[in-house]
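First the structure, in the form of structure tokens, and then the observations on it.
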Amino acid sequence: MTEISKAKRDGFSSKFGVIAAAAGSAIGLGNIWKFPYIAGENGGGAFLIIYLVFIVLIGLPVMMSEFIIGRKAQQNVFGAFRSLSKTGFWRIIGVMGVLAAFFILSFYGTVAGWTIEYIYLAISDSFAGKDATEITTMFSDFSTSTFKPLALQLIFMGITAFIVLRGIKKGIEKYTKILMPLLLLIIIYLDITALSLDGGMDGLKFLFQPDFSKITPKCIIDALGHSFFTLSLGMGVLVTYASYFKSDINLTKTSINVAAADTIIALLAGIAIFPVVFAFNTEPGVGPGLVFVSLPNIFELIPGGYIFSIFFFLLLALAALTSSISILEVVVAYLSEETKMSRKKATLLSALAISITGALATLSMGVLSDFKIFDKNIFDIFDYLASNVLLPLGGMLISLFVGWVLKRSIIEDELSNYGTNKIVSIKIFIFLVRYLAPISILIVFLHGVGIIKL
Ligand code: PFF
């Protein structure tokens with residue numbers, strides 16, 4: 001890319017915009033839908049401690065690496081590696097990133113579509129008077145049907161594309177600056193309601209009291225895998241966003257703020273969900289159905305449960321939206337910069353293409369459910385390929401690239417904003433990205449794909 005076209009590039013206009021957009025990407029279904037159920041399955045507090053260690057020791061340095069690469073290159077993820085390395089090898093990270101965007105946004109759009117249906121069900125008070133079997137049937141009838149989930153997924157992709165189409169300042173920054181504070185308000189309201197329930201404190205104990213006998217290899221693997229997914233690492237989302245950062249954005253501080261915001265929201269989601277689950281004696285480790293099946297069972301029993309349910313699913317949908325736009329932006333930036341397509345054309349084309357792969361993920365719950373590879377349906381294959389293969393591999397390559405390939409002076413310049421702020425400790429950072437992050441990720445990756453068994 002020439003200097004002139006770089007200068008014309010769209011970009012974030014404020015520090016708050018940068019945090020809102022990056023935290024908006026990180027905070028998503030992973031925090032509100034996935035975190036509570038994997039914490040539940042892995043024994044609560046003990047899982048939490050390991051997860052926090054991974055966020056600090058591996059998540060943070062990989063996030064800083066993505067920021068360094070993106071801001072230095074000021075290009076889409078594919079172009080970034082082309083411009084920063086002489087060998088073609090590292091461009092594979094860009095290819096994997098675009099591929100991962102397709103996989104993640106496909107199954108993410110399915111679940112996001114479900115959240116729209118559940119906002120409607122909540123508003124129309126459809127959970128009232130139903131027993132547990134009816135609520136389970138309601139979810140399975142809906143999620144295995146054809147027309148409605150497809151239409152809702154399409155609507156969700158349409159809203160995502162609408163925001164991305166408008167660009168960085170007028171689209172992504174503008175909307176995340178409104179949506180993220182709104183999300184915080186909703187979750188605080190949910191927490192206050194949940195904590196005021198009799199018996200709710202048991203839920204808090206479950207979330208915060210560590211039981212170290214529950215720490216198994218699966219718990220460790222899930223914690224590392226999730227720390228990647230939840231921080232949006234490994235596929236170039238943050239490389240792409242950082243390519244729109246101005247030179248006064250402090251990359252270390254921004255990483256810490258984003259990781260902290262993401263963790264706090266995951267905890268606040270757990271605080272909203274577990275007290276409710278415990279106060280009404282439901283099982284905390286029921287898996288992905290936790291928010292669509294277990295929670296609707298109990299809305300009726302909570303004081304103010306009607307409002308609680310509407311705000312809960314609204315929260316889920318908004319969190320999904322601010323993450324989806326970041327994933328779509330990876331593909332749009334790639335297409336518009338690498339093929340010189342207009343932003344409009346690139347957005348419409350990629351949204352359309354992802355809607356088609358997304359339809360496969362949605363239909364794999366119903367009419368396509370017999371199509372299986374290794375006993376997994378299409379939805380699970382997409383999730384598996386992205387979360388267990390592409391994101392960890394991408395994260396490992398990104399940390400190796402910064403640790404071993406990128407010039408030390410570039411790292412220092414980016415982290416210090418060309419000498420205007422102090423770097424906390426370059427030695428620790430280099431140690432983490434050279435050794436600790438890639439080796440830990442490699443172990444988890446090999447276990448995740450079944451090559452080694454811990
Ligand atoms: N971080 C998002 C979440 O926790 O829901 C999911 C996600 C977004 C993963 C963007 C990866 C990504 F590139």
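The values are calculated or read from the model by the stated rules, or taken from the named source; none is laboratory data. Worth saying up front: this structure is predicted, and the values here are computed from it rather than measured. Positions of Cβ are backbone-derived with ideal geometry, glycine not excepted, and every protein chain shown enters the neighbour counts.
Please state which of the following conditions Tyr37 fails to meet, knowing it meets all the rest: (1) surrounded by 21 or more Cβ atoms within 10 Å (Cβ to Cβ); (2) within 14 Å of the ligand (Cβ to nearest atom).
So Tyr37 meets the others, but not (1).
Between Lys218, Lys253, Lys246, Lys214, which is without any contact (Cβ under 8 Å) to a residue 60 or more places away in the chain, basic (Lys, Arg) and at negative phi? So that I can check it myself, show each step before the final result.
Details: Lys218 fails: without any contact (Cβ under 8 Å) to a residue 60 or more places away in the chain; Lys246 fails: without any contact (Cβ under 8 Å) to a residue 60 or more places away in the chain; Lys214 fails: without any contact (Cβ under 8 Å) to a residue 60 or more places away in the chain.
Just a single option satisfies the conditions, and that option is Lys253.
Among the residues of segment 177-196, write down those that are touching a Gly at 6+ places or on another chain (Cβ under 7 Å) and farther than 21 Å from Leu267 by Cβ.
Taking segment 177-196 as the starting set, the residues that turn out to be touching a Gly at 6+ places or on another chain (Cβ under 7 Å) are 177, 179-180, 193-194.
Listed by number, the list holds a single entry, Lys177.
Taking only segment 424-452 into account, find how many residues are without any contact (Cβ under 8 Å) to a residue 24 or more places away in the chain and not in a helix (DSSP H, G or I). Walk me through how you get there before you give the answer.
We begin by selecting, within segment 424-452, every residue without any contact (Cβ under 8 Å) to a residue 24 or more places away in the chain; these are 425-428, 431, 439, 443, 446, 450-452.
With not in a helix (DSSP H, G or I) added as a condition, the list becomes 425, 450-452.
Result for segment 424-452: 4.
Going by the structure shown, is Met138 touching a Ser or Thr at 6+ places or on another chain (Cβ under 8 Å) and at pLDDT 95 or above?
For Met138, the condition - touching a Ser or Thr at 6+ places or on another chain (Cβ under 8 Å) and at pLDDT 95 or above - is not met.
Being of a type in the set (A, V, I, L, M, F, W, C) and at pLDDT below 95 is the filter here; which residues of segment 336-353 pass it?
Our first condition is that a residue be of a type in the set (A, V, I, L, M, F, W, C); within segment 336-353, this holds for 341, 346, 348-349, 351-353.
Met341 - this is the single residue of segment 336-353 that is of a type in the set (A, V, I, L, M, F, W, C) and at pLDDT below 95.
When Ala112 is evaluated against the numbered criteria (1) touching a helix residue (DSSP H, G or I) at 6+ places or on another chain (Cβ under 7 Å); (2) aliphatic (A, V, I, L, M); (3) surrounded by fewer than 20 Cβ atoms within 10 Å (Cβ to Cβ), which criterion, by number, is the only one it fails?
Exception for Ala112: condition (3).
Of all residues in segment 342-365, which are crowded, with 17+ Cβ neighbours inside 10 Å and of a type in the set (Gly, Ala, Ser)?
Within segment 342-365, Ala346, Ser350, Ala351, Ser355, Gly358, Ala359, Ala361, Ser364 qualify.
Anything in segment 11-34 that is of a type in the set (Gly, Ala, Ser) and within 8 Å of the ligand (Cβ to nearest atom)? List them, or say none. Don't jump to the end; show me each part of the working.
Just the residues of segment 11-34 that are of a type in the set (Gly, Ala, Ser), to begin with: 11, 13-14, 17, 20-26, 28, 30.
Selection gives Ser25, Ala26, Gly28, Gly30.
Going by the conditions given, is Phe208 within 21 Å of Ala260 (Cβ to Cβ) and aromatic (Phe, Trp, Tyr)?
Values: within 21 Å of Ala260 (Cβ to Cβ): yes; aromatic (Phe, Trp, Tyr): yes.
Against the criterion (within 21 Å of Ala260 (Cβ to Cβ) and aromatic (Phe, Trp, Tyr)), Phe208 qualifies.
If I ask for residues that are touching a helix residue (DSSP H, G or I) at 6+ places or on another chain (Cβ under 8 Å) and more than 14 Å from the ligand (Cβ to nearest atom), which ones from segment 40-51 would you list? So that I can check it myself, show each step before the final result.
From segment 40-51, those touching a helix residue (DSSP H, G or I) at 6+ places or on another chain (Cβ under 8 Å) are 40-48, 50-51; that's our starting set.
Of everything in segment 40-51, those that are touching a helix residue (DSSP H, G or I) at 6+ places or on another chain (Cβ under 8 Å) and more than 14 Å from the ligand (Cβ to nearest atom) turn out to be Gly40, Glu41, Asn42, Gly43, Gly44, Gly45, Ala46, Phe47, Leu48, Ile50.
Please specify each residue of segment 16-34 satisfying the condition of being closer than 24 Å to Ile249 by Cβ, aliphatic (A, V, I, L, M) and buried (at least 22 other Cβ atoms within 10 Å of the Cβ).
The answer is Val18, Ala20, Ala21, Ala22, Ala23, Ala26, Ile27.
If you go through segment 90-131 one residue at a time, how many are away from the ligand (no atom under 16 Å from the Cβ) and in a helix (DSSP H, G or I)?
Of segment 90-131, the ones away from the ligand (no atom under 16 Å from the Cβ) are 90-92, 116-131.
This time we only want the ones that are in a helix (DSSP H, G or I), so: 90-92, 116-123.
Residues flagged as away from the ligand (no atom under 16 Å from the Cβ) and in a helix (DSSP H, G or I) within segment 90-131 amount to 11.
When you scan segment 73-89, do you find a residue that is within 16 Å of the ligand (Cβ to nearest atom) and in contact with a Pro (Cβ under 8 Å, 6 or more places away or on another chain), even just one? Show your work before the answer.
Taking segment 73-89 and keeping what is within 16 Å of the ligand (Cβ to nearest atom), we get 76-78, 80.
With in contact with a Pro (Cβ under 8 Å, 6 or more places away or on another chain) added as a condition, the list becomes none.
The answer is no, given that none of the residues of segment 73-89 is within 16 Å of the ligand (Cβ to nearest atom) and in contact with a Pro (Cβ under 8 Å, 6 or more places away or on another chain).
Which condition breaks for Phe67 when tested against (1) at pLDDT below 95; (2) within 16 Å of the ligand (Cβ to nearest atom); (3) more than 18 Å from Leu224 (Cβ to Cβ)?
Looking at each condition in turn, Phe67 falls short on (1).
So is Glu134 surrounded by 22 or more Cβ atoms within 10 Å (Cβ to Cβ) and part of a helix (DSSP H, G or I) or not? Reasoning before the result, please.
Details: surrounded by 22 or more Cβ atoms within 10 Å (Cβ to Cβ): no; part of a helix (DSSP H, G or I): yes.
Against the criterion (surrounded by 22 or more Cβ atoms within 10 Å (Cβ to Cβ) and part of a helix (DSSP H, G or I)), Glu134 does not qualify.
What number of residues within segment 214-255 satisfy the criterion of being under 12 Å from the mean Cα position of the chain (by Cα) and of a type in the set (Phe, Trp, Tyr)? Even if it seems obvious, please write down each step before you answer.
At the first step, the residues of segment 214-255 found to be under 12 Å from the mean Cα position of the chain (by Cα) are 225-235, 237-238.
Still in the list and also of a type in the set (Phe, Trp, Tyr): 228-229.
Matching residues across segment 214-255 total 2.
Considering only helices (runs of 4 or more DSSP H) fully contained in segment 178-249, which possess at least 3 residues that are more than 16 Å from the ligand (Cβ to nearest atom) and either buried (at least 20 other Cβ atoms within 10 Å of the Cβ) or β-branched (Val, Ile, Thr) (or both)? Reasoning before the result, please.
On the way: elements: 200-208, 217-230, 237-242.
Qualifying helices (runs of 4 or more DSSP H): 200-208.
I'd like to verify a number: residues in segment 120-164 that are of a type in the set (Val, Ile, Thr) and within 22 Å of Ser25 (Cβ to Cβ), how many? Full working, then the answer.
So in segment 120-164, the residues of a type in the set (Val, Ile, Thr) come out as 123, 133, 135-137, 144, 146, 155, 159-160, 163-164.
Checking which are within 22 Å of Ser25 (Cβ to Cβ) leaves us with 155, 159-160, 163-164.
Within segment 120-164, residues that are of a type in the set (Val, Ile, Thr) and within 22 Å of Ser25 (Cβ to Cβ) number 5.
Looking at Lys15, Lys72, Lys34, which one is in contact (Cβ under 8 Å) with a residue 24 or more places away in the chain, in contact with a His (Cβ under 8 Å, 6 or more places away or on another chain) and charged (D, E, K, R)?
Working: Lys15 fails: in contact with a His (Cβ under 8 Å, 6 or more places away or on another chain); Lys72 fails: in contact with a His (Cβ under 8 Å, 6 or more places away or on another chain).
On inspection, the qualifying residue turns out to be Lys34.
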